Amino acid sequence: MTTWIVAADEHRARIFEADNLRAPFREIEAFLNPEARLREQDLNTDANGRYSGKRGLVNGSSAEPDHSAVLHKTTLFSKSVSDYLDKARIEHRYDQLTLIAFPKFLGMLRQNMSKEVQQLVTKEVSKNISGLESRQIAQYVRTWLH
């Protein structure tokens, strides 16, 4: 039975494959989202709009966008990871899935995953370990799953 382990946060998602927990993990895919590290104003090419106060008599202030550009980029990133997992599911590349992700990003992944992928999730952990070395991630998973 092939297990995929996803270690992710809003900046990076890494996918490992293991035939069993004692076998070495193989990192099979890595996704990067460099925009998540940028400041909001670095993502927006234009300055925020301005609006006047009541009847134009009072000084205006900047108009804030309805949602943040960083959040939008992070949502798109979680969607691309989820789409990859769904495509791999269709190709029968894994049988079960373990998710270990930064809590907010884990929620985004859940929201963007197909129901079929969600049914293959056997374990979830709200923790950010994506920055660890591969062997440390494998050690964490082995310890956590036993």
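The values are calculated or read from the model by the stated rules, or taken from the named source; none is laboratory data. As the structure is a prediction and not an experimental result, all values here were calculated from the model. Cβ: placed from backbone, ideal geometry, glycine included. Neighbour counts: every protein chain shown.
Some points to look at:
- When residues of segment 91-105 are limited to those that are surrounded by 16 or more Cβ atoms within 10 Å (Cβ to Cβ) and not hydrophobic (A, V, I, L, M, F, W, C), the one nearest to the chain's Cα centre (by Cα): T98
- Here the condition is being free of Cβ contacts under 8 Å to residues at least 60 places away in the same chain and over 16 Å from S78 (Cα atoms); of Q111, Q119, Q96, it holds for Q119 alone.
- Members of segment 71-82 found to be surrounded by fewer than 20 Cβ atoms within 10 Å (Cβ to Cβ) and under 19 Å from E27 (Cβ atoms), listed by number: S80
- Yes/no for A88 being of a type in the set (G, A, S), at pLDDT below 95 and surrounded by 12 or more Cβ atoms within 10 Å (Cβ to Cβ): no
- Residue ID - farthest from L32 (Cα to Cα), chosen from residues in segment 79-93 that are in a helix (DSSP H, G or I) and touching a residue at least 40 places away in the same chain (Cβ under 8 Å): A88
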